[in-house]
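Here's the structure, in structure tokens; my notes come after.
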Amino acid sequence: MRKELGPVPRLDEDWEVILRHLPEGWEDKALELGAMTRARGFESPEALLRTLLIHLSQGCSLRETVVRAQEGGIACVSDVALFKRLRASGEWLRWMAGGLLGGASWTGVHDGGLRARAVDATVVSEPGSTGTDWRLHYAIDLKSLNCDHFELTDATGGESLLRVPISPGDLLIGDRAYGGAPGVRHTVQSGGHVLIRLRLNGLRLATPRGVAFSPLHRARHLEAGEIGEWPVCALGAGEPIRGRVCAVRKSRAAAAEAEKRLLKECSKKGKKPTPAALDAANFVLLFTTISVQALSRWDVCELYRARWQIELAFKRLKSIMALGHLPKHDPESCKAWLHGKLFVALLLERTLESARAFSPWGYRAA
């Protein structure tokens, strides 16, 4: 007996799944934020969004995008008209990306009952550029691995904890670039905590009695794999910030690799590394405001290791989503394209997250 095949899935059904993840009011925002102003050829915000996603998610050129949109009965426009729509849709795409931030917790990270968040930034260059043109500031929740904050700036936008919105109970985890005293003080005064990697000539530290403290000097006595811990105060404008330094000596192989990277970076700049910098390559030096009762020295080091997840997020953005090199030259189109790529990445996060609870028919019932 011949088995009857079920109906072939329609693209409209897949699109319905996407629509369930979009922030409420997204169509009204297209009108409010100017994406649909003089949008000839696009009958609705939905038609515009579907066309933009062909360009942003599949890497199609503008010309190929309009051909696909026309063949799919979505819209009938020229590539020039689509380029203008993309420029006009930048703020709309940014708003929708912001509406997709956050998500459910699913992976276990021992964070002492705090909300552990990794912060970092990555650079994006325009075609033919030899330096940084744009900088994407990013923060992810280490439990959900979802982005919970982003900001796009030009090359002058420096990395700082001052850029990150903070709620009481947040624990911000950052590399050496985030070790500035103003950012640390801002985080603490906002009710949060920090776990940052120390850099030479970064935070001014002192013992609880007010004596100058040198993390590198103390760490020299550690054996490989041994974790040292000392109570300190971070000095600067205002009251001293109480915390502690946790340090671990690297293995010989890890230290040699760190020294190799340091020599390479200094060579590019035409400089020689200082003896202190070469010595510091043997250690991981951390400063945190988390109490010993909340996290042990071992937990602090393990939690900092989890910061690597944001590096993996950047790798996904630049490889899978092709965020690493801008195919645009106009500043407004660059910003729109970047915000569009972020929207697609966050939409994928939401879709994959809900896939764990998908029903047999492919989506949650309303």
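Okay, here's what the table says:
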read-out: Top-ranked residue of the stretch 248-273 - restricted to ones that are closer than 22 Å to Gly179 by Cα and touching a Cys at 6+ places or on another chain (Cβ under 9 Å), ranked as modelled with the lowest pLDDT; value: Pro273
read-out: 2 or more residues touching a Ser or Thr at 6+ places or on another chain (Cβ under 8 Å): qualifying strands (runs of 3 or more DSSP E) within the stretch 123-236; value: 134-141, 170-174, 193-197, 227-235
read-out: Any hit, the stretch 218-226, residues being surrounded by 15 or more Cβ atoms within 10 Å (Cβ to Cβ), of a type outside the set (Gly, Ala, Ser) and under 31 Å from the mean Cα position of the chain (by Cα); value: no
read-out: Unique residue being modelled with pLDDT of 65 or more and surrounded by fewer than 17 Cβ atoms within 10 Å (Cβ to Cβ) when the list is Trp308, Trp361; value: Trp308
read-out: Count - residues of the stretch 42-97 that are closer than 21 Å to Glu332 by Cβ and either in a helix (DSSP H, G or I) or not assigned by TED's automatic domain parsing to the domain that holds Lys335 (or both); value: 32
read-out: Subset of the stretch 151-207 (residues that are among the β-branched types (Val, Ile, Thr), under 17 Å from Ala234 (Cβ atoms) and surrounded by fewer than 18 Cβ atoms within 10 Å (Cβ to Cβ)); value: Thr207
read-out: Any hit, the stretch 92-103, residues being in contact with a helix residue (DSSP H, G or I) (Cβ under 8 Å, 6 or more places away or on another chain), modelled with pLDDT under 80 and more than 30 Å from Arg63 (Cβ to Cβ); value: yes
read-out: Residue pairs meeting the criteria (Cβ under 7 Å; at least 6 apart or on separate chains; first in the same structural domain as Leu172 (by TED's automatic domain parsing) and within 20 Å of Ala234 (Cα to Cα), in the stretch 288-306; second crowded, with 17+ Cβ neighbours inside 10 Å and of a type in the set (Ser, Thr, Tyr)); value: Val300/Thr288
read-out: Cβ-Cβ under 7 Å pairs, at least 6 apart or on other chains, the stretch 69-97 side of a type in the set (D, E, K, R), far side part of a helix (DSSP H, G or I); value: Asp79/Leu62; Asp79/Arg63; Asp79/Val66; Arg85/Leu48; Arg87/Glu332; Arg87/Ser333; Arg87/Ala336; Arg94/His339
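The values are calculated or read from the model by the stated rules, or taken from the named source; none is laboratory data. Computed from a prediction, not measured in an experiment: that's the story for all the values here. Neighbour counts are summed over all protein chains in view; Cβ atoms, including those assigned to glycine, are modelled from backbone coordinates with ideal geometry.
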